There are 2 protein chains.
Amino acid sequence: MSTGVANEKAIDSLKALAEPIRLEIIESLSTGEKCVCDLMQETGLAQSKISFHLKVLKEAGVITDRQSGRWVYYQLDTRTLKSLQNWIKKLRKGCLNEAASCE
Amino acid sequence: MSTGVANEKAIDSLKALAEPIRLEIIESLSTGEKCVCDLMQETGLAQSKISFHLKVLKEAGVITDRQSGRWVYYQLDTRTLKSLQNWIKKLRKGCLNEAASCE
DNA sequence: TTGATACATCAATAATTCTTGATATATACT
DNA sequence: AGTATATATCAAGAATTATTGATGTATCAA
């Protein structure tokens, strides 16, 4: 089983993480699933702003969502983070283009 | 010995990596030290553009430079990448704020 | 010391991304 | 049906980042 990602996927993940508000959101989600309203309370940020950043994160595959009634719950997709971690490892070791796990 | 980084450092590294030209540069450097002229040849990009992106990478601590005569050689700083890798691992495991290596 | 090479930096513009306030949509409650 | 809540989306503007071509600076070679 591969944890590899293409560079474009990696760039999407990196861009998604590389923003303070999104990072705050992600850190919050790392303790468990949250709805937008939870995130609003925790961060004190405007709803449209949070939704904007959640969308970026979701499109990058860093989080997933599930609707339940009026609420939408967001959750980290740790597989994406694991892939990214592995991608950085390969980058660092100069074996990004090799299929195998490297070294 | 810690490989930990503060969030701001991590964001700098992430931003630096999250750009196609910079990633191309980094991939090239992952096979060894290069001068700007090498990078120009390999990528076919304008010199000012390459210097611009090298500066971003350097300020983020992702690469280091050394001058030799008329040339400036750039090299990956794999320690920064290792730190970033570890930071992502911690983020994924929800233990970013714990001192220890986690799990 | 003149000319060429390697690179950095700058100013102007272009492109991208983020913020804000408003409006839209869907669900649930009464 | 009517109202309130949770969230998404949108359009306009603000802010940040990238590109381009030009110029500056240091080093070397003739």
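The values are calculated or read from the model by the stated rules, or taken from the named source; none is laboratory data. What you see is a predicted model; the values in this text were computed from it and never measured. All Cβ positions, even for glycine, are placed from backbone atoms using ideal geometry, and neighbour counts span all protein chains on display. Keep in mind that these areas ignore ligands, DNA and RNA; they rest on the heavy atoms of the full protein, side chains included. Shrake-Rupley method; radii C 1.70, N 1.55, O 1.52, S 1.80 Å.
Placing a label point 7 Å from Cα toward Cβ, how far apart in nm is A:W71 from its equivalents in the other copies, listed shortest first to one decimal?
The projected label point of A:W71 is separated from its counterparts by 6.1 nm.
Between B:N7 and A:Q67, what FRET efficiency follows from the Cβ-Cβ distance if R0 is 35 Å, with the result rounded to 0.05?
About 0.70, to the nearest 0.05.
Compute the signed sum of charges (Lys and Arg +1, Asp and Glu -1) over the other residues within less than 11 Å, Cβ to Cβ, of B:Y74.
Combined, the nearby Lys, Arg, Asp and Glu give 0.
Which residue, chosen from A:Y73, A:I26, A:N7, occupies the Cα position most advanced towards the positive end of the dipole of chain A, where the dipole is computed from +1 (Lys, Arg) and -1 (Asp, Glu) charges on Cβ about the Cα centre?
A:N7
Could you compute the net charge surrounding A:A10? Neighbours are other residues with a C-beta less than 14 Å from the C-beta of A:A10; K and R count +1, D and E count -1.
My count for the surroundings of A:A10 gives +4.
Between copies, how close do the A:Q47 label points come, placed 7 Å along Cα→Cβ, listed in nm from shortest?
5.6
In a shell of Cβ-Cβ distance under 15 Å around A:H53, excluding A:H53 itself, what net charge do Lys and Arg (+1) and Asp and Glu (-1) give?
Result for the neighbourhood of A:H53: -2.
Please report, for A:E59, the nm distances (one decimal) from its label point, 7 Å out from Cα along the beta-carbon direction, to the equivalent points in the remaining copies, shortest first.
2.6
Quick one: compute the contact order of the range A:7-90, relative version, from alpha carbon pairs under 8 angstrom and 6+ residues apart, as a percent.
34
Expressed as an acute angle from 0 to 90° and rounded to the nearest 10, what is the orientation of the C-alpha long axis of helix B:78-93 relative to the principal long axis of chain B?
40
Need the C-alpha centroid separation for the range B:53-86 versus the range A:4-61, integer Å.
28
With solvent modelled as a 1.4 Å probe, how much accessible area in total do chains B and A shield from it at their shared surface, in Å² to the nearest 100?
2300
Taking the Cα centre of the protein assembly as shown as origin, sum charge times position over the Cβ atoms of Lys and Arg (+1) and Asp and Glu (-1), and report the length of that vector in debye to the nearest 20.
80
May I ask for the angle, rounded to the nearest 10°, between helix A:20-29 and the longest principal axis of chain A, with both axes built from Cα atoms and the value confined to 0 to 90°?
80
Note down the magnitude of the dipole of chain B about its Cα centre, charges +1 on Lys and Arg C-beta and -1 on Asp and Glu C-beta and zero elsewhere, to the nearest 20 debye.
In debye, rounded to 20, chain B gives about 160.
Counting only heavy atoms of protein chains, what accessible area per residue, in Å², does the protein assembly as shown have with a probe of 1.4 Å?
Ligands and nucleic acids excluded, the result is 54 Å² per residue.
How many Lys pairs in the range A:7-90 lie less than 19 angstrom apart by Cα atoms, where the lysines are 8 or more positions apart or on different chains?
Taking the Cα cut-off of 19 Å, the pair count is 17.
Can you give the Rg to Rh ratio of the protein assembly as shown, both from alpha-carbon atoms, with Rh computed by the Kirkwood formula?
My calculation puts Rg/Rh at 1.01.
On the protein heavy atoms, probe 1.4 angstrom, tell me the percent of accessible surface of the protein assembly as shown carried by carbon and sulfur.
Exposed carbon and sulfur together represent 48 percent of the surface.
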